[in-house]
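One structure is given below, encoded as structure tokens.
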């Protein structure tokens, strides 16, 4: 993910685009990816018979082209998907300098804008007027660094194992007392004195610092028990739908609650996954990376794949029966590994969502050779995507806004 932030930092044109679209009614957010073209050629470089750009390209396309037609207008419409598999992921250590080297190797007789290494999604609400955004496409239609796509997305929704668990473990149902709003206890952090804090989303709780029940009151009124009290809870900076969500000027929100666990035995792992032994830093999380989670409603070990970086994104919250929006920066997108199409909505396929209502607070983890590592926490989703806060951002917020020094 760090390569995206580095690219934005050095590209004033892209920052200007983000500023322009943030003022247009119907704008939801900006997401950045590595393009399929770049990923295809990264794959060629790693697996080809030669280090030479041209040799690799033509070796892989020997069934489609010959040396004599490389300037043919159909040259770039070759099926790069035959080369690049979505299961292939790029090295998390890739830097902006690697991308610049890639661009320098593009033959001079080809248009470099056809090989743009980044793809920028301007996400707009389904009922937004698309014409207002299309002028941005015209103005920046040919850029050597990035392509722009306008994409309509559904408004995201808040994602809130239903049984009693003893010892406590991450991935299970919780709620505040006297409330039917439910969510997921993601996992645990501890301070230097051995005090244990449960981690979940602030929006799971309606009041300031309530007592917390497990399982949620909604799930098991007869067997629920108090496991602790909310010690710290982030506050939201809400705005209306038309307010700007610009990554250059917005502080960004945090959706985090820390529960001080009282007299309960805790297992530092995720229900149906396993022990969490480490934390992934932001620059170790990358597009195409496989991750897993379990939440209150999903209630199983589920594998997902990392999508792009949501440089800025509006998340909807219901406050006093009114919809309010909170602008987040650097949310990370999640997708199903193999989306199952279950119907149509207009011209779009409907797929099963990667997460469900009630999964808010679930920890997103990578399953590495040495065990599970915490990547972040799920906060919202829409029809075919979900979004999570990076664990590094969560820990930085705790350090800055509380007197706690926490660790896994």
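The values are calculated or read from the model by the stated rules, or taken from the named source; none is laboratory data. Everything numeric here is computed off the predicted structure, so don't read it as measured data. All Cβ positions, glycine included, derive from the backbone under ideal geometry; neighbour counts span all protein chains shown.
If you check 94, 122, which single one turns out to be modelled with pLDDT of 85 or more and either over 11 Å from residue 37 (Cβ atoms) or in contact with a strand residue (DSSP E or B) (Cβ under 6 Å, 6 or more places away or on another chain) (or both)?
Of the residues listed, the single one that is modelled with pLDDT of 85 or more and either over 11 Å from residue 37 (Cβ atoms) or in contact with a strand residue (DSSP E or B) (Cβ under 6 Å, 6 or more places away or on another chain) (or both) is 122.
Criterion first (assigned to a strand (DSSP E or B), touching a helix residue (DSSP H, G or I) at 6+ places or on another chain (Cβ under 9 Å) and under 29 Å from residue 310 (Cβ atoms)) does residue 149 satisfy it?
Numbers: assigned to a strand (DSSP E or B): yes; touching a helix residue (DSSP H, G or I) at 6+ places or on another chain (Cβ under 9 Å): yes; under 29 Å from residue 310 (Cβ atoms): yes.
Judged against the criteria, residue 149 is a match.
In segment 157-181, which residues are at pLDDT 85 or above, closer than 10 Å to residue 361 by Cβ and not in a strand (DSSP E or B)?
171
Name every residue in segment 242-268 that is touching a strand residue (DSSP E or B) at 6+ places or on another chain (Cβ under 6 Å) and part of a loop (DSSP other than H, G, I, E, B), in order of residue number.
Residues satisfying the conditions are 245, 247, 250, 252, 253, 255, 262, 264.
Just the residues that are closer than 17 Å to residue 308 by Cβ and either touching a strand residue (DSSP E or B) at 6+ places or on another chain (Cβ under 6 Å) or assigned to a loop (DSSP other than H, G, I, E, B) (or both), please, taken from segment 380-405.
Of all residues in segment 380-405, those closer than 17 Å to residue 308 by Cβ come to 380-390, 393.
Listed by number, the residues that qualify are 380, 382, 383, 384, 385, 386, 387, 388, 389, 390.
State which residue is farthest from residue 128 (Cα to Cα) when the search covers only segment 221-241 and only residues that are assigned to a loop (DSSP other than H, G, I, E, B) and touching a strand residue (DSSP E or B) at 6+ places or on another chain (Cβ under 8 Å). Working first, answer last.
Pass one, segment 221-241, residues assigned to a loop (DSSP other than H, G, I, E, B): 221-224, 234-237, 240-241.
Subsequent filtering for residues that are touching a strand residue (DSSP E or B) at 6+ places or on another chain (Cβ under 8 Å) retains 224, 234, 236-237, 240-241.
Numbers: 224: 44, 234: 30, 236: 25, 237: 23, 240: 15, 241: 11 Å.
The extreme case among them is 224.
Would you check if residue 291 is at pLDDT 95 or above and surrounded by 21 or more Cβ atoms within 10 Å (Cβ to Cβ)?
Working: at pLDDT 95 or above: yes; surrounded by 21 or more Cβ atoms within 10 Å (Cβ to Cβ): yes.
Spelling it out, residue 291 is indeed at pLDDT 95 or above and surrounded by 21 or more Cβ atoms within 10 Å (Cβ to Cβ).
Is there any pair with a first residue in segment 310-325 that is under 28 Å from residue 287 (Cβ atoms) and a second that is modelled with pLDDT under 85 and not in a strand (DSSP E or B) whose Cβ atoms are under 6 Å apart and which are 6 or more apart or on different chains, and what are they?
Pairs that qualify, where the first residue is under 28 Å from residue 287 (Cβ atoms) and the partner is modelled with pLDDT under 85 and not in a strand (DSSP E or B), are 311/247; 312/247; 315/156; 316/155; 325/241.
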